[in-house]
Amino acid sequence: IRADQNGVLLAGAIMAGVGWVLLYRLVVGSPPLAFPRWLFFILLYMAVTGTVLPLVWYLNQRFSQPVPGGVILRQSMWFGLFAVTASWLQMTRALSGAVAFFLALSFFVIEFFLRMRERG
């Protein structure tokens, strides 16, 4: 399991580095047209997923039994999906505190049920 986790952590570092650099270049140098907007969401997803991955790994090491790298990656991807969805809702001026809370709660409940299914 440890080698699997190391591979996922390395992939997360690459995803975060590439995602943040390309996202910066996109935001600084591109007009807000259709293709750059979609590319923004893709790069934001990569960057947030890769950045949160070490934190998720640490929390799983600290508070849970050792889990495979796929579980760590999936849990990090929930954070990336949350960031992309929140930024999309913010772009359309539909994001509020309650919407963000219930969106995060729904992702947490889905992950909770997935973890229960894996254990059972």
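The values are calculated or read from the model by the stated rules, or taken from the named source; none is laboratory data. The structure presented is a predicted model; accordingly, all values stated were derived computationally and were not measured. Cβ atoms come from the backbone with ideal geometry, glycine included; neighbour counts cover every protein chain shown. To get the accessible areas, we keep the full protein, side chains included, count just its heavy atoms, and leave off ligands, DNA and RNA. Shrake-Rupley method; radii C 1.70, N 1.55, O 1.52, S 1.80 Å.
Based on this model, can you work out whether L26 counts as open to solvent by less than 50 Å² (accessible area, probe 1.4 Å), in contact with a Ser or Thr (Cβ under 6 Å, 6 or more places away or on another chain) and at pLDDT 95 or above? If you could, list the steps in order and put the result at the bottom.
On the way: open to solvent by less than 50 Å² (accessible area, probe 1.4 Å): yes; in contact with a Ser or Thr (Cβ under 6 Å, 6 or more places away or on another chain): no; at pLDDT 95 or above: yes.
Criteria not met by L26.
Looking at (1) touching a residue at least 24 places away in the same chain (Cβ under 8 Å); (2) among the small types (G, A, S); (3) open to solvent by 60 Å² or more (accessible area, probe 1.4 Å), which is the only condition G19 fails?
(3)
Report yes if some residue within segment 52-65 is touching a Gly at 6+ places or on another chain (Cβ under 6 Å) and within 23 Å of L105 (Cα to Cα); otherwise report no. First the steps, then the outcome.
Taking segment 52-65 first, the residues touching a Gly at 6+ places or on another chain (Cβ under 6 Å) are 53.
Cutting the leftovers down to within 23 Å of L105 (Cα to Cα) gives us 53.
Yes, segment 52-65 has at least one match.
Of everything in segment 49-91, what is hydroxyl-bearing (S, T, Y) and in contact with a Leu (Cβ under 7 Å, 6 or more places away or on another chain)? Give them in sequence order. Before the answer, list the steps.
Quick first cut of segment 49-91, residues hydroxyl-bearing (S, T, Y) only: 49, 51, 58, 64, 76, 85, 87.
Selection gives S76, T85, S87.
State all residues of segment 73-84 that are open to solvent by less than 60 Å² (accessible area, probe 1.4 Å), of a type in the set (A, V, I, L, M) and more than 14 Å from A16 (Cβ to Cβ); if no residue qualifies, say none.
Of everything in segment 73-84, just one residue is open to solvent by less than 60 Å² (accessible area, probe 1.4 Å), of a type in the set (A, V, I, L, M) and more than 14 Å from A16 (Cβ to Cβ), namely V84.
From the list R62, R93, R117, which residue is without any contact (Cβ under 8 Å) to a residue 12 or more places away in the chain, surrounded by fewer than 16 Cβ atoms within 10 Å (Cβ to Cβ), basic (K, R) and more than 20 Å from I1 (Cβ to Cβ)?
Details: R62 fails: more than 20 Å from I1 (Cβ to Cβ); R117 fails: more than 20 Å from I1 (Cβ to Cβ).
Checking each option against the conditions leaves just R93.
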